[in-house]
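A.B. asks: Mind having a look at this structure? Questions to follow.
The values are calculated or read from the model by the stated rules, or taken from the named source; none is laboratory data. On a predicted model such as this, the values are computed, not experimentally measured, just so you know. Using ideal geometry, Cβ is built from the backbone for each residue, glycine included, and neighbour counts are taken over all protein chains shown.
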Amino acid sequence: MKKEDPLIGTLREPGSQVFVYASGERFLRSFRDLLDDLCRKQGRSGILISTLWSANALSRRVAMSKLPRGSLKVVDTISLTLGSDIEESDVFSFLNTPASLESILIEVERIIERSGGKMAFVVLDSMTFLTKYYSPGQLSEFFQYLLSRSLEENLNLVVFDQLKSANDIVSLELSSLMDSVIDLEVEG
């Protein structure tokens, strides 16, 4: 019998919130496998807040064409910065860059409202990116709102952090508020 992925196992309960430390190949594999499992295998719908990849790169990285239609909505904070060739899409919401934290939350709210209660999860691909551009106070408010809304809507929330730092105030605060902390660098 194949051992269940520790990340997938923590998301069985609706509304659960997981903070994940992962980098390199472990991050790439777990990120891709998480979205594939939630959307394709479990048939759930959700939101991805993308801070790492343009729409084109993300489409290849996650193999979005293999996911069920309408199962994943992406809040893209990168493509406009890169000057990517952007096509109108019902999957991607492109935010001006740099995207304010408020504009990210507003777009998440729009997606939740438009879905009519069909969204089951929110994934933030990299807290690491956000810590470079926003103050700890701004991030604290952003995550407090995201955590509260996820609980209100009974959405699973997954936040990836690629730089494990004992001095990172935001990571420490956030990991202490969430249901589970998974260190894929240790657990594999």
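A.B. asks: Would you tally the residues in region 48-69 being touching a residue at least 40 places away in the same chain (Cβ under 8 Å) and not in a strand (DSSP E or B)?
C.D. replies: 3
A.B. asks: Being in contact with a helix residue (DSSP H, G or I) (Cβ under 8 Å, 6 or more places away or on another chain), at pLDDT below 95, loosely packed, with under 13 Cβ neighbours inside 10 Å and closer than 29 Å to ARG12 by Cα: is that true of GLY188 here?
C.D. replies: Yes.
A.B. asks: On the given criteria, is LYS118 under 20 Å from LEU38 (Cβ atoms), surrounded by 21 or more Cβ atoms within 10 Å (Cβ to Cβ) and among the basic types (Lys, Arg)?
C.D. replies: No.
A.B. asks: Okay, next question. Identify all residues within region 92-142 that are charged (D, E, K, R), in contact with a strand residue (DSSP E or B) (Cβ under 8 Å, 6 or more places away or on another chain) and under 17 Å from SER71 (Cβ atoms); write none if there are none.
C.D. replies: Of everything in region 92-142, those that are charged (D, E, K, R), in contact with a strand residue (DSSP E or B) (Cβ under 8 Å, 6 or more places away or on another chain) and under 17 Å from SER71 (Cβ atoms) turn out to be LYS118, ASP125.
Residues checked against (1) touching a residue at least 60 places away in the same chain (Cβ under 8 Å); (2) out of contact with any helix residue (DSSP H, G or I) (no Cβ under 9 Å at 6 or more places or on another chain); (3) within 24 Å of LEU101 (Cα to Cα); (4) in a loop (DSSP other than H, G, I, E, B):
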position: GLY15; (1), (2), (3), (4): yes, no, yes, yes
position: ARG26; (1), (2), (3), (4): yes, no, no, no
position: ARG40; (1), (2), (3), (4): no, no, no, no
position: GLY43; (1), (2), (3), (4): no, yes, no, yes
position: GLY46; (1), (2), (3), (4): yes, no, yes, no
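A.B. asks: Among the listed residues ILE78, ILE104, ILE111, which satisfies the condition of being among the β-branched types (Val, Ile, Thr), more than 20 Å from VAL20 (Cα to Cα) and modelled with pLDDT under 95?
C.D. replies: Sole residue among the options that is among the β-branched types (Val, Ile, Thr), more than 20 Å from VAL20 (Cα to Cα) and modelled with pLDDT under 95: ILE78.
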